[in-house]
Structures are given as C-alpha cells and as structure tokens.
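Encoded as structure tokens, the structure appears first; notes follow it.
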Amino acid sequence: MSSRLQRWLWFVLAAVTVALVLFPIYWMVVTSLLPSSIVLSRHPPLLPPLEHVSLDAFAGVFRRRPVLTWILNSTLVAVGSTLVSLVIATLAGYSLSRWQTRAQKVAGAALLLTKMLPGSLIVVPFFVMFTTAHLIDTRAALVAANVAVGVPFATWMMKGFFDTLPRELEQAAAIDGCTPLQALWYVILPLARPGLAACAIYLAIVAWSEFVFARTLVTRADLWTVTVGLQSFVGEYLVDWPALMAAGVVSLAPMLVLFLLLEPFLVSGLTAGAVKQ
Amino acid sequence: MRPSLHDAERRLAWLLLAPALLAVALLIAWPLYVIVQMSVRPGKALAISELMARPLGTANFERVLHQQALWDAFWHSAVYTVGSLVPAFVAGLLFALLFHRAFPARRWLRSLLLLPWAVPGVVVSITFLWMLDASYGVVNAVLRDLGILSTDIAWFVDARTAMAAVLVPTVWKSFPFFAITILAALQSIPETLYEAARVDGASAWQRFRYVTWPGIRGPALLAALLNALWTFREFDIIYASTRGGPAGATETLGILVYREAFESFRFGTAAAIGVLMLGTATIFVALSMRVLRKEFA
C-alpha cells in the first residue's frame, strides 16, 4: 500500500472520529435552528430539514430571558478575574522560574496542591467570609473566587513558559544597565507574549465555565452568569429545548473561538498534566 | 551596611511571589482553616467570630459518620471516578495514537477533537440531558430505530441508569485531557526507537508494548492521577443535570457537601464531610506518589 493512500485512510478515520465525537455540539446547533414542532419528535431528523431552519429560537430566548445580562455578567467576571490572575501569576511564575531556593519550591508545591480542593467545598467558607464582608451579591465576590482557583495553576503555567527563556537574557540586560525589574518588563515579558496569551485564554475559559461560585455567591437574578442562567432551565415542567440549545450555542461560541486560538499551545508548549480546569 | 546584590535579588524574588502567596493565604488557606474550625465546633453560627467562640466537639463527625448518605456518597464517588477515568483514558490513548500519525489536515482535526475540553460543564450537562431525554432524545430514537430498545429509557430520571447518564458527559469532557497529555508524550519518543524495533522484526503490538508504552507511561499515569482527583470532586456536570438525584443515585461527596450546606443549611456537618473528603484525597495522593516517584525517578 502506498504511503499516500495510507495517509488518506488515516485522514478518513480521523475525520469520522471527530465527527462522532462532536455530535453533541452538532445536535445542540441543529436543535437550536429548528422549531419545537420538528424537534419534539419520536424520529428526529438527523439532518435538519432546510426549509424549517430559522433563528426563531435565538430571537425567542433573547426576548424571554435576560441572556444578554447573563453574558455581560460572565464577561465582566471572566475579564476581571483573568486580568487579576494573570498579573499575580506572571510575577509569581517568574519568581519561581528564576530563583529556585528550597523555600520557593515549597511555595510552588503548595500552590499546586490547591488544585485538589473541591469547588463545592471551598464555596462553603467563601459564603461565610463574603457574608461577613458584605460581598454577597457582588461581581467582586465572583472575581475573587475565580482568582483563588486561577492563580495557582496559572502560576505554574507561566513558570513553565519562563523556564524556556534562557537566563542569559537577563544577564545581557544587566550588563546594559537594566535593573532586574526593568529586565523583566522590557526583555522577558515581550518574549513571553505567547505564554501570556495562552495563560489568559486558559483563565478566561475556566472563569467563563465556572458554575458553583456563581450559583452560590450571588442570589440576585440580574447578577446571574451564563452557566447559572442555563442551569435555571433544567427542572422546569416543560423545557423549551430549542430555546435552551440556542442559549447554549450563544454561551459556547466565544469559548470555541478562544479554544481554537489556544489549542496550538496545548500540545506543543505545556508539560504533562498542565491543562484542566 | 549596604545590602549585597544577593540579598536584593532574594528580596525581589519574594516580592514578586508575594501577591500570589497573599491570594492563596487569603482565598485558600484561610477558607480551609474555616472549614476545619466549622467541622470541629458544632452548632449553628454564620459569623466567623461566633463560630470561633463555640466549644470544640466531635458531634458533626459523629452525626455524619452515622449517616447512610455519607457511605453511599463515598461509593458513588468511587464509581463515578473509576467509571469515567477508565473510558476517558482508553479513548484519549486511542485518539492520541491515531493523531500521532501523519495525515492531511491533522492540525485542524486535532483542534476539533479536543474541543469538548473547552465546553463548560453546565453546557455539557444540558446538551446530554436533551440527547438522553426519554421521549424526544436522539439517543433513544436511534436505539429504537436500530431495534436495540423497545421501551424508552429515562436515562437521567431512572435511578438505575442515572449514574451511567452522568458518566457519559463526564467522559466526553475529560478524554481530551488524556489525548493532549499522551500526544505530547508520544512526540517525545525518538523515531529511531521505532526504526530499530522494526529492524528487529517487532510486531505492531510489540512496538506499542516495548517502545510506545514505556515512553508515555509516566505522563499517562500522572494524567490519570490528576484526572482522578478532579473527577473525585466534580460538581458542575452532576449538579446541573440531576442535582444528585434521583433518590440520591448520583449523589457524590462533592454534591453531598453542597446540598448539606446550601439546601439543608447545616454548615458544620458539610464541613465535616469536606474534611473527610480532603482526607481521602490526601491518602490517595500519598499512595499514588509512591508509584509516580518510581516512574519519574
């Protein structure tokens, strides 16, 4: 068998695999484009009948539910917590990468261990703390909670990127008269830009997906995030599936774009065990 | 005396690390301390000052350990963790082996394959709730058309199938992590090893067993450990689809803690369950570290 043919056979196998794996996303999109009369069927058509395809479900769910408000809240929380986490994690990651004393190693390991903490457990003291601090029902509480889970991991990610940059860069900068902070700002950070981008995208995806804090630390409906809003459909007597799937598509779309930007870094750049919410 | 350059550098190192340590102290260490305090100081109090004023006692733990719900939740957590880890690992390994080959458009197909990782847990839940719906779900429809199913199965609603129903979306969301990790490990195996094996007449299975597997075992085991820890504490997928029901069939420890705190408003017993949960995870990590240390030594 020629290797050319073989490559195309592998391509077909991979394409079929991907199609099967992505069926749930396909089905969500198809459902969102069809009216209930077609969707609620004992034999739902696997290919959408094109004459019935419309954006009515999207228009409907935006009219009946405050989807835009949810998206705005999710965006504010995701952007806020990503910026704060990224600054903290960049400084810490640089420190852990360049000065590897024993105390630094212990600090680094402690950061990593925090990944073990269950969100549904840590939210209990968060609720108590934020109640005491009168921060319940604020977006600041959600930003703080997301920073708590984001920083440890982002720090390790940034450390990994800084480890790939040679120390000679700072030595050269020092000879040119840079202080260590100037060297970080003018020499290292510009070079670490791909790492910063990957880290920011990772943090944004995690914050956007976050559910348990948003469900617990805010109670006012006008502060709900997308995930809380979507979950509020579940358990209703009659679920409006096309509307729910339309809201799901809207909430998923920005993540898919971010992910396609991030993906090249995932395989090439990151070390084992470095990626997971 | 002027501080030496060395001292100045060390100060800078800690200065840069300080915001992260502060964030962790305030938002991780202190909350953990509050959890432990809540678990050992029985009684009702929401304010931290009131909480600390109460006497120490083991009532929360006694109460929790006598609840059948706790032992059920332990069992459900174990089933859920193992039940999603094994299929996700196997799928991730197979996909990684497939995508390690050279074929057209590999880069794009790989991106698409890993997409489920980026889908929020709640969105995964609602999608599978719809697909596994008893009357109108596409899964039942296909199974009916294939003649496999004669009656509808209410996957998420029937206590006998609910655990399987929450496992499917969990596997779907977690296999990309294994695929990524194993793919990265595969890329680090030198091609010359395969050539040598081929020259020696090794079969495909032998090449996998003696070249591929030793090259990926370390990272793969580490990924399995991390994934087990994450699945053990999983909340979003289960809560958003079943809330631990029906009749507690999918109530894992992560769900039980949350319901105890925010549905029954018993923070003390919730904290006690949390402490037991963390203890279990710690023992698990300590045991796995022995295996892993051998791997990476």
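The values are calculated or read from the model by the stated rules, or taken from the named source; none is laboratory data. As the structure is a computational prediction, the values presented were derived from the model and not from experiment. All Cβ positions, glycine included, derive from the backbone under ideal geometry; neighbour counts span all protein chains shown.
Numbers at a glance
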read-out: Given (1) modelled with pLDDT under 95; (2) assigned to a helix (DSSP H, G or I), index of the condition A:His134 fails; value: (2)
read-out: Selection within the stretch A:36-51 - more than 31 Å from the chain's Cα centre (by Cα) and assigned to a loop (DSSP other than H, G, I, E, B); value: A:Leu40, A:Ser41, A:Arg42, A:His43, A:Pro44, A:Pro45, A:Pro49
read-out: Selection status of A:Leu260, within 10 Å of chain B (Cβ to nearest Cβ), without any contact (Cβ under 8 Å) to a residue 40 or more places away in the chain and assigned to a helix (DSSP H, G or I); value: yes
read-out: Any chance A:Ala103 is aliphatic (A, V, I, L, M) and more than 23 Å from the chain's Cα centre (by Cα); value: yes
read-out: Test for A:Thr114: is it more than 7 Å from every other protein chain (Cβ to nearest Cβ), of a type in the set (Ser, Thr, Tyr) and assigned to a helix (DSSP H, G or I); value: no
read-out: Scope the stretch A:84-102; condition more than 8 Å from chain B (Cβ to nearest Cβ), surrounded by fewer than 19 Cβ atoms within 10 Å (Cβ to Cβ) and either in contact (Cβ under 8 Å) with a residue 60 or more places away in the chain or outside any helix (DSSP H, G or I) (or both); matching residues; value: A:Gln100
read-out: Matching residues, the stretch A:34-56, being touching an Asp or Glu at 6+ places or on another chain (Cβ under 8 Å) and more than 18 Å from B:Asp145 (Cα to Cα); value: A:Pro35, A:Ser36
read-out: Extreme residue, farthest from B:Ala240 (Cα to Cα), among residues of the stretch A:234-255 that are touching a residue at least 12 places away in the same chain (Cβ under 8 Å), at the interface with another protein chain (Cβ under 7 Å from one of its Cβ atoms) and not polar (S, T, N, Q); value: A:Met255
read-out: Flag for A:Gly60 being more than 10 Å from chain B (Cβ to nearest Cβ) and among the small types (Gly, Ala, Ser); value: yes
read-out: Residue match in the stretch B:172-181 (condition: among the β-branched types (Val, Ile, Thr) and in contact (Cβ under 8 Å) with a residue 40 or more places away in the chain); value: yes
read-out: Hits in the stretch B:119-137 - residues which are aliphatic (A, V, I, L, M) and modelled with pLDDT under 90; value: B:Ala134
read-out: Every pair of residues 6+ apart whose Cβ atoms lie under 7 Å, when the first sits in the stretch A:125-144 and is in the same structural domain as A:Ala204 (by TED's automatic domain parsing) and of a type in the set (D, E, K, R) while the second is in a loop (DSSP other than H, G, I, E, B) and surrounded by fewer than 17 Cβ atoms within 10 Å (Cβ to Cβ); value: A:Asp137/A:Thr219; A:Asp137/A:Arg220
read-out: Leading residue by the ranking (surrounded by the most Cβ atoms within 10 Å (Cβ to Cβ)) among those in the stretch B:225-281 that are aliphatic (A, V, I, L, M) and in a loop (DSSP other than H, G, I, E, B); value: B:Ala249
read-out: Every pair of residues 6+ apart whose Cβ atoms lie under 8 Å, when the first sits in the stretch A:170-185 and is assigned by TED's automatic domain parsing to the domain that holds A:Tyr94 and on the phi < 0 side of the Ramachandran plot while the second is modelled with pLDDT of 85 or more and hydroxyl-bearing (Ser, Thr, Tyr); value: A:Ala173/A:Tyr186; A:Cys178/A:Tyr186; A:Leu184/A:Tyr94
read-out: Residues located in the stretch A:172-195, provided they are closer than 21 Å to A:Phe153 by Cβ and surrounded by fewer than 18 Cβ atoms within 10 Å (Cβ to Cβ); value: A:Leu189, A:Arg193, A:Pro194
read-out: Complete set of residues in the stretch A:117-128 that are within 7 Å of chain B (Cβ to nearest Cβ) and either among the charged types (D, E, K, R) or part of a helix (DSSP H, G or I) (or both); value: A:Gly119, A:Ser120, A:Leu121, A:Ile122, A:Val124, A:Pro125, A:Phe126, A:Val128
read-out: Subset of the stretch B:165-201 that is of a type in the set (Gly, Ala, Ser) and assigned to a helix (DSSP H, G or I) - its residue that is nearest to B:Leu129 (Cα to Cα); value: B:Ala165
read-out: The stretch B:244-294 - residue that is within 11 Å of chain A (Cβ to nearest Cβ) and closer than 30 Å to B:Gly215 by Cβ and, of those, modelled with the lowest pLDDT; value: B:Leu292
read-out: Residue within the stretch B:152-163 that is within 24 Å of B:Gly244 (Cα to Cα) and part of a helix (DSSP H, G or I) present; value: yes
read-out: Residues of the stretch B:116-142 satisfying the condition of being more than 7 Å from every other protein chain (Cβ to nearest Cβ), assigned to a loop (DSSP other than H, G, I, E, B) and surrounded by 22 or more Cβ atoms within 10 Å (Cβ to Cβ); value: B:Leu132, B:Gly137
read-out: Matching entry among B:Val157, B:Val211 (being of a type in the set (Val, Ile, Thr) and under 20 Å from B:Glu251 (Cβ atoms)); value: B:Val157
read-out: Of residues in the stretch B:143-174 being at the interface with chain A (Cβ under 9 Å from one of its Cβ atoms) and touching a His at 6+ places or on another chain (Cβ under 9 Å), the one farthest from B:Gly83 (Cα to Cα); value: B:Asp145
read-out: Residue match in the stretch B:48-66 (condition: within 23 Å of A:Val123 (Cα to Cα) and within 7 Å of chain A (Cβ to nearest Cβ)); value: yes
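Residue by residue, here is whether (1) closer than 30 Å to A:Ser37 by Cα; (2) touching an Asp or Glu at 6+ places or on another chain (Cβ under 8 Å); (3) at pLDDT 90 or above holds:
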{"residue": "A:Ala173", "(1), (2), (3)": "no, no, no"}
{"residue": "A:Val234", "(1), (2), (3)": "yes, no, no"}
{"residue": "A:Met245", "(1), (2), (3)": "yes, no, yes"}
{"residue": "A:Val250", "(1), (2), (3)": "yes, no, yes"}
{"residue": "A:Val257", "(1), (2), (3)": "no, no, no"}
